[in-house]
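Notes for the one structure printed next.
The values are calculated or read from the model by the stated rules, or taken from the named source; none is laboratory data. Since the model is a prediction, treat every value here as computed from it, not as a measurement. We place every Cβ from the backbone using ideal geometry, glycine too, and count neighbours over all the protein chains shown. All accessible areas refer to the heavy atoms of the entire protein, side chains included, with ligands and DNA or RNA removed. Shrake-Rupley method; radii C 1.70, N 1.55, O 1.52, S 1.80 Å.
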Amino acid sequence: IYGSMLFGPYEGFILSMLSLVISQSIMYAMGRVIQNQFCRTFLERNKEKIAVIKNERYKILTLGVLCPIIPSDLMTMSVAFIKLNYKKCIATIAIAGVPMMLLYNFLGTRFMTNIAFKSYTTITITFL
């Protein structure tokens, strides 16, 4: 929202998408490091669940990124645990993130024009 307010709708969208790719790349790298140290026993205990995740990997990743309740950082780290392809993972995250980015971008442009909407959004974001 603030990216589109500060930089405009197009630049805000591009910068938000760039920040999403960078942050998810960092989480993917952290997931690969943590996987070697902490998650080996978890993966060994839940082989059936991991097999389902591997079969439906990109569908689950897309739903996880689209769902506002699940942190996308957690989904990216989980994908790194099961060693999915980095480029396909980041491409899936970027494509799945476009609808939310466009929604937030639209809210940011509306936020610039309406005082009541500005105050309501600021209060809501502050409480969240």
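Values as computed for the structure displayed
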quantity: Full-stretch length increase - ALA51, LYS88 - with 0.36 nm per residue and alpha-carbon distance subtracted; calculated: 11.5 nm
quantity: Extension reserve of the ILE70-ALA29 stretch, reckoned as 0.36 nm per residue once the Cα distance is removed; calculated: 12.8 nm
quantity: Computed accessible area, ILE34, all protein chains, 1.4 angstrom probe, square angstrom; calculated: 40 Å²
quantity: Exposure of SER16 as accessible area (Å², to 10), given a probe of 1.4 Å and all protein chains; calculated: 40 Å²
quantity: Peptide ranges 97-103, 58-64 listed from the most packed, as the mean C-beta count within 10 angstrom indicates; calculated: 58-64, 97-103
quantity: Rounded to the nearest 10 Å², the accessible area of PHE81 at probe 1.4 Å; calculated: 40 Å²
